[in-house]
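Everything on this sheet refers to the single structure shown next.
The values are calculated or read from the model by the stated rules, or taken from the named source; none is laboratory data. Values in this document were obtained by computation on a predicted structure and should not be read as measured data. A quick note on method: Cβ atoms are made from the backbone with ideal geometry, for glycine too, and the neighbour counts reach across all protein chains shown.
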Amino acid sequence: MYKGEVCQVTAESISIEQFTWNRSSRSVKHNYRLLLEDNSKEDEIWIPAFELAGAEDGPNLLILAGVHGDEYEGIETILRLFSAMQPEDLKGNVLMIPCANPYAYRGGTRVSPDDGVNLARVFPGKQRGTVTEKLAYELHHRMIANADFMLDLHSGGTHYAVASLVGYYHEEESAFSRRCREAAEAFGSSLLWAHNEIAPGRSVSSAQSLGIPWLYTEAYGGRRVRQEDARMFYDGTIRLMNHLEMLVDPLEWPVSKPVIEPKTIYSDGNFDHSATAEEDGFFVPAISLESEVRQGDLIGTIYGLDGSERQRILAGSDGFLVMILGTPVLRKGDPVYLLASEMSG
């Protein structure tokens, strides 16, 4: 059971250029439609923004979901949280964006069909770029730049099966890294992914460039929400808010017990570095997600529909299987798997 009763909140429609996250607000619960384009009412494009301002001062937390339009776990988490939480429950301010990329969401795709651009590759965006670049610009300047902490909720989406985990920035002897690591541990996931490098263009690289600590999640995906992932996301977000000392009464928010000794894997976390297919065909995996593999182990085989074996895909190194293709029909050049290390470099 999730805390809270049915919540009826009327959305206010304004241009995104008029929106300001007022972090000095107190005792406010507000729902915005942030209009992105001056279209007809039947086709207006807008970002939903949920503002919760506690009765007391505290940190400013930004929670993003739907950066990719086929990832639904984070959207569900935010909808539940906004329904359940009231200003009197909080210290500080929470801004929740359940669908950060309405272009991709309406197409059910990873990239925006309007311009073919991946929002998670173009931060901090361009004020006069494509629709996705302009979207990244607004998210960076109006939301991320005003946060004290950012949580970005991702999953595997349509095509990729991804281990359920929390990612964070890892650097020895760094105060910034310690804040990210402590938050990751507080989130309570059984698997942590430590990144000593952050590729440009991501929401988290935007936050990092501004000195804002961050976490992100991944989960199995498949354009559906598994109950175990829904629970991890929801409970983890509550635990993060408690870690940030944002809950007036943490006992009012019972959650499952966190994992005390999570497993940590290491790499830059860049899915663009995934091993890719050399042939078209039908992929049959030989191992399961989260397997530990040795260099040369069989990951899977690509077959033709005539039964021919077109490519045996072998592990390029030792590692932990953090992603594997979830949809079996593939084309040459499609990502197939990604390994992370179990030992810090």
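Consider the stretch 239-286 and keep the residues that are assigned to a loop (DSSP other than H, G, I, E, B) and acidic (D, E). The one that is surrounded by the most Cβ atoms within 10 Å (Cβ to Cβ) is E279. Once the stretch 328-345 is narrowed to residues that are of a type in the set (A, V, I, L, M, F, W, C) and over 27 Å from E172 (Cβ atoms), the residue that is surrounded by the fewest Cβ atoms within 10 Å (Cβ to Cβ) is V329. Taking the criterion of being loosely packed, with under 14 Cβ neighbours inside 10 Å, at pLDDT 90 or above and more than 22 Å from the chain's Cα centre (by Cα), would at least one residue in the stretch 32-51 satisfy it? So far as the stretch 32-51 goes, no, none of its residues is loosely packed, with under 14 Cβ neighbours inside 10 Å, at pLDDT 90 or above and more than 22 Å from the chain's Cα centre (by Cα). Looking only at residues of the stretch 312-327 that are under 24 Å from the mean Cα position of the chain (by Cα) and in a loop (DSSP other than H, G, I, E, B), we find that the one that is surrounded by the most Cβ atoms within 10 Å (Cβ to Cβ) is G326.
Restricting G221, G236, G281 to those that are under 22 Å from N93 (Cα atoms) and not hydroxyl-bearing (S, T, Y) reduces the list to G236.
Among all residues of the stretch 203-218, there is at least one that is at positive phi, part of a loop (DSSP other than H, G, I, E, B), surrounded by fewer than 23 Cβ atoms within 10 Å (Cβ to Cβ) and modelled with pLDDT of 95 or more. Checking E292, E279, E309, E261 one by one, the residue that is at pLDDT 95 or above and either within 29 Å of the chain's Cα centre (by Cα) or outside the structural domain of V336 (by TED's automatic domain parsing) (or both) is E292 and no other.
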